[in-house]
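Visitor: Have a look at this one before I ask anything.
Just so it is clear, none of the values below were taken in a lab; they were calculated from the coordinates. All values reported here derive from a predicted model rather than from experimental measurement. All Cβ positions, glycine included, derive from the backbone under ideal geometry; neighbour counts span all protein chains shown.
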Amino acid sequence: MSETEKTTHFGNETVREDEKAGRVQGVFSSVASKYDVMNDAMSMGIHRLWKDAMMDWLAPRPGQRLLDVAGGTGDIAFRFLKRAGRGHATVLDLTEPMLVAGRQRAEAADMADSLDWVVGDAMALPFEDNSFDVYTISFGIRNVTRPQEALNEAFRVLKPGGRLMVLEFSQIPNDMMQKVYDLYSFNIIPRMGQMIAGDRDSYQYLVESIRQFPDQDTFLTMVRKAGFGNAKYRNLSMGIACLHSGWKI
């Protein structure tokens, strides 16, 4: 790898920036059919509470237009539409098999008229400026090659007064608790991946990618750098996950 080539992390591995998206696609293509089952197994169902907390803070309103990025299986979009009562959700994902898995869920048929499914890149959204009322990304931004560019794009496509909400794994501020969580993550989750999804390596990457992601305050600085005002965060489950919120003021 030459000194002039830009690099990034793929888990604990250093790769060229132009390689990462393809490798992330490979991971999620591999796990797409078991993704929701694995989420329940890895978090013991707690991810559902985190997503409910996201909706509580977001407080969807009737008629809003949502863009859910890296939202392949539709979990956030379905929750949003149910809370809003009426509205529209566009689910965008880099990996088509994830979108296929989302479209196959029972909720997708019930909400078909209120949903679009789009293959696209978080760093180059195929939408016009000022198009959406709400932008969400749930457990996806750490897989983006350049997260700051994704945040910049979120700001661009939101309408004035629009809301950003990011749900992502984060860092526990207590060192002892973080060590216990790391022991669980690195020793149990890849084994679950092998047993349930038949794919240990993808879940090893997903665990490593969490450790590479910026902590709460660093990411908050990135949200503000993208232009968002009134930016703040809330820890969930002691910081295992975190919600970041910002407004296009």
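Visitor: Around residue 87, which amide H atoms from residues at least 5 apart in sequence, or from another chain, sit under 5 Å from its own amide H, with H modelled in the peptide plane?
Guide: For residue 87, the qualifying residues are 63.
Visitor: Using 0.36 nm per residue of separation minus the Cα-Cα distance, give me the extension gain between residue 176 and residue 146 in nm, one decimal.
Guide: 7.8 nm
Visitor: Just grab the label-to-label distance for residue 57 and residue 6, each label 7 Å out from Cα along the Cβ direction, in nm (one decimal).
Guide: 2.8
Visitor: Counting Lys and Arg as +1 and Asp and Glu as -1, what is the net charge of the other residues whose Cβ lies under 13 Å from the Cβ of residue 244?
Guide: Cβ neighbours under 13 Å give a net charge of +3.
Visitor: Once you have the Cα-Cα distance between residue 40 and residue 188, take 0.36 nm times their residue separation minus that, and quote the gain in nm to one decimal.
Guide: In short, 51.9 nm is gained.
Visitor: Using the Cβ atoms and a cut-off under 11 Å, what net charge is assigned to the surroundings of residue 192, where Lys and Arg are +1 and Asp and Glu are -1?
Guide: +1
Visitor: Non-local amide H neighbours of residue 118 (under 5 Å, H modeled in plane, Pro and chain starts lacking H): which ones?
Guide: Amide H neighbours of residue 118, under 5 Å, 5+ apart: 91, 92, 93.
Visitor: Another one. Pairs of lysine in the chain with Cα under 27 Å and at least 8 positions apart or on different chains: total?
Guide: Step by step, the pairs that qualify in the chain add up to 22.
Visitor: Next up: For the stretch 1-137, report the % of Cα-Cα distances exceeding 24 Å.
Guide: 36
Visitor: What is the magnitude of the charge dipole of the chain about its Cα centre, with +1 placed on the Cβ of each Lys and Arg, -1 on the Cβ of each Asp and Glu, and no other charges, expressed in debye to the nearest 20?
Guide: Once rounded to the nearest 20, the dipole reads 740 debye.
Visitor: What number comes out for the charge environment of residue 56, summing +1 per Lys or Arg and -1 per Asp or Glu over other residues with Cβ under 12 Å away?
Guide: +3
Visitor: Short version: ³J(HN,Hα) in whole Hz for each residue of the stretch 107-115, in order, from phi by Karplus 6.51 cos²θ - 1.76 cosθ + 1.60 (θ = phi - 60°), x for Gly and Pro, what are they?
Guide: Once rounded to whole Hz, the list reads 4, 4, 5, 5, 10, 3, 6, 10, 10.
Visitor: With just the Cα atoms of the chain, tell me how far they stretch along each of the three principal axes, in Å, largest first.
Guide: Computed over the Cα atoms, the extents are 44, 41, 37 Å.
Visitor: Then there is this: In whole Hz and in residue order, list the ³J(HN,Hα) couplings for the stretch 130-147 that follow from phi through the Karplus curve 6.51 cos²θ - 1.76 cosθ + 1.60, θ = phi - 60°; x for Gly and Pro.
Guide: Listing the rounded values in order: 6, 9, 10, 7, 9, 10, 10, 8, 10, 6, x, 6, 6, 8, 6, 4, 10, x Hz.
Visitor: Right, next: Amide H of residue 170: which non-local residues (sequence gap of 5 or more, or other chain) have their own amide H closer than 5 Å, using H built in the peptide plane?
Guide: Close amide H contacts, sequence-distant or interchain: 241, 242.
Visitor: Using Cα pairs closer than 8 Å and at least 6 residues apart in sequence, work out the relative contact order for the stretch 1-109, in percent.
Guide: Normalised by residue count, the contact order of the stretch 1-109 is 23 percent.
Visitor: Using only DSSP helix segments of four residues or longer, with each worth -39500 (n - 2.57), what per-residue ellipticity at 222 nm results for the chain after dividing by its residue count and rounding to 500?
Guide: Helix-only estimate at 222 nm: -13500 deg cm²/dmol.
Visitor: In whole Hz, with x marking every Gly and Pro, tabulate ³J(HN,Hα) for the stretch 172-185 from phi via Karplus 6.51 cos²θ - 1.76 cosθ + 1.60, θ = phi - 60°.
Guide: Running phi through 6.51 cos²θ - 1.76 cosθ + 1.60 with θ = phi - 60° gives 7, x, 9, 4, 5, 5, 5, 5, 4, 5, 4, 4, 5, 4 Hz.
Visitor: On to the next question. Identify, among 155, 106, 245, the residue whose Cα sits farthest towards the positive end of the charge dipole of the stretch 101-249, taking +1 on the Cβ of Lys and Arg and -1 on the Cβ of Asp and Glu, with the dipole about the Cα centre.
Guide: Of the listed residues, the answer is 245.
Visitor: Where does each of 41-50, 93-102 land if you order them by average Cβ count within 10 Å, highest first?
Guide: 93-102, 41-50
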